[in-house]
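Please read the structure below before turning to the comments.
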Amino acid sequence: MTANFVEELTAEYFRVQGYLVTTNYWFPSQKRITRTQHGRGQQFSQRNWRDIDVLAVNSSEVVLVQVKAIINEEKVVTRILNFFLEAEAFISKGLAPDGIHRIDWWVKGRKIKRLLIYEVYSAQKFLSAIREQEIEVKQFREIFEDIRNYIRNKKGVKEGDPTMRFIHFLNRNGFLPRKEAVA
């Protein structure tokens, strides 16, 4: 899978807070397909796979994170809501993607939290529709601000993630503006 800096930095955001984190966690999904073939309508279920962009677990919660660049259409909202319903249903079952092994410990006694991170401007009406479904919504700028504060207060540059190392470089060399200068 192609690296996505928003997903990478969102994962780091949770790691520095003590969460166990994995990215691009694939899970099986059923999709209802309707098609016309030879003039006849057909409906069938098709198994496919979806991924949770960032999955973060600590002692009290499991956070399912989906990252989107922009939310500018009703159909995008519908896909986001369906994604969270499917992801939460799968994780709640306590089964690994193979359908055999148990991972109940991921959810047992933990609250499942749904978080949508969007990268650039998205229409408030679409964000409100998502929030109405008890999904937390954050613009990536908020996550990045927390990461930037973490980096400014951290001594040393020991980071395994190349994106975090690059942000350290930017900070150390004065390329990151102070909060007051951010428009």
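The values are calculated or read from the model by the stated rules, or taken from the named source; none is laboratory data. Here the structure is a predicted model, which means the values were calculated and not measured. Glycine gets a Cβ as well: all are built from the backbone with ideal geometry, and neighbour counts include every protein chain shown.
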Selection status of Ala87, more than 29 Å from Arg152 (Cβ to Cβ), surrounded by 17 or more Cβ atoms within 10 Å (Cβ to Cβ) and in contact with a strand residue (DSSP E or B) (Cβ under 7 Å, 6 or more places away or on another chain):
yes
Restricting region 156-177 to residues that are over 25 Å from the mean Cα position of the chain (by Cα) and at pLDDT below 70, which is farthest from Thr10 (Cα to Cα)?
Gly156
Note on Val182: of the conditions (1) of a type outside the set (Lys, Arg); (2) surrounded by fewer than 17 Cβ atoms within 10 Å (Cβ to Cβ); (3) under 23 Å from Ile117 (Cα atoms); (4) at pLDDT 85 or above, unmet is (4)
Verdict on Phe27 being within 22 Å of Ser122 (Cβ to Cβ) and either touching a residue at least 12 places away in the same chain (Cβ under 8 Å) or not polar (S, T, N, Q) (or both)
no
Would you check which residues across region 93-142 are under 12 Å from the mean Cα position of the chain (by Cα) and among the aromatic types (Phe, Trp, Tyr) and list them?
Tyr118, Phe140
Restricting the search to region 111-153, which residues are part of a loop (DSSP other than H, G, I, E, B) and modelled with pLDDT under 95?
Glu119, Val120, Tyr121, Ser122, Ala123
Only one of Gln17, Gln66, Gln42 is out of contact with any Pro (no Cβ under 6 Å at 6 or more places or on another chain), assigned to a strand (DSSP E or B) and over 17 Å from Gln139 (Cβ atoms), namely Gln42
Matching residues in region 11-65 - criterion: being of a type in the set (Ser, Thr, Tyr), touching a Lys or Arg at 6+ places or on another chain (Cβ under 7 Å) and modelled with pLDDT of 95 or more
Ser60
Out of Val54, Val16, Val21, Val62, which single residue is within 25 Å of Ala123 (Cβ to Cβ), surrounded by 10 or more Cβ atoms within 10 Å (Cβ to Cβ) and of a type in the set (A, V, I, L, M)?
Val54
Those residues that are part of a helix (DSSP H, G or I), of a type outside the set (Gly, Ala, Ser) and free of Cβ contacts under 8 Å to residues at least 24 places away in the same chain, I need them from region 79-103; list them, please.
Arg79, Asn82, Leu85, Lys93
Close pairs from region 112-136: first over 15 Å from Lys68 (Cβ atoms), partner at pLDDT 95 or above and of a type in the set (Asp, Glu), Cβ under 8 Å, at least 6 apart
Ile112/Glu61; Ile112/Glu88; Lys113/Glu61; Lys113/Glu136
